[in-house]
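The values are calculated or read from the model by the stated rules, or taken from the named source; none is laboratory data. Please read all numbers here as calculations on a predicted model, not as lab measurements. Heads up, the Cβs are rebuilt from the backbone with ideal geometry, glycines too, and the neighbour counts pull from every protein chain shown. Note: areas computed on protein heavy atoms with side chains; ligands, DNA, RNA excluded. Shrake-Rupley method; radii C 1.70, N 1.55, O 1.52, S 1.80 Å.
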Amino acid sequence: MPSNITLRQAANTDVSAIAALLKPYADEGIVLPRDEENIRFYLQNFRVAVAGNAIVGCVAVRDFGNRLFEVRSLVVARDLHGTGIGRMLVENEIGRLRSRFDEWKLFTLTRTPEFFIRLGFQTVDRTLFPEKIWSDCASCSKNRCCDETALLISSRK
């Protein structure tokens, strides 16, 4: 794991860098597309991984209420894949939830379930998250033929 990586809350000055980091992954259908206006609107949800002055990774956690949260927009610069930055970002968010709440659930829909399983997530049925289905999945072109796996980690086993 790189020792020169710091994690922090995203700032207004990070919006363009976050958009640039997300774009190739959105173009490939790995994450949902987000323009700068959308990122700015949801900026409080984003954390960034920084190496020197460069944003090299990001994650957003959406709060659906009732202590249900979703990992979104998790990406790492391609040349740094496999270095542990994604793991740092997700583990940081899990730690934040543990410090704020006694009970919580954190889910994701992903095409790389192995990554999340290594972090303690378990495969579940995506219909457990109707909030997600109503908000994002309903308008997704893959809604009827989703190729993503739903995974969940929570304070309760």
May I ask for the distance between the Cα centers of region 54-73 and region 76-122, given as a whole number of Å?
-> 10 Å
Which far-off residues, 5 or more places away or on another chain, put their amide H under 5 Å from the one on Ala77, with H placed in the peptide plane?
-> Gly57
Under a Cβ-Cβ cut-off of 12 Å, what is the net charge of the residues other than Arg40 that fall near it, where Lys and Arg count +1 and Asp and Glu count -1?
-> -3
For region 1-133, give the percent of accessible area contributed by carbon and sulfur heavy atoms, probe 1.4 Å, rounded to a whole number.
-> 49 percent
Per residue accessible area of region 1-61, 1.4 Å probe, in Å² = 53 Å²
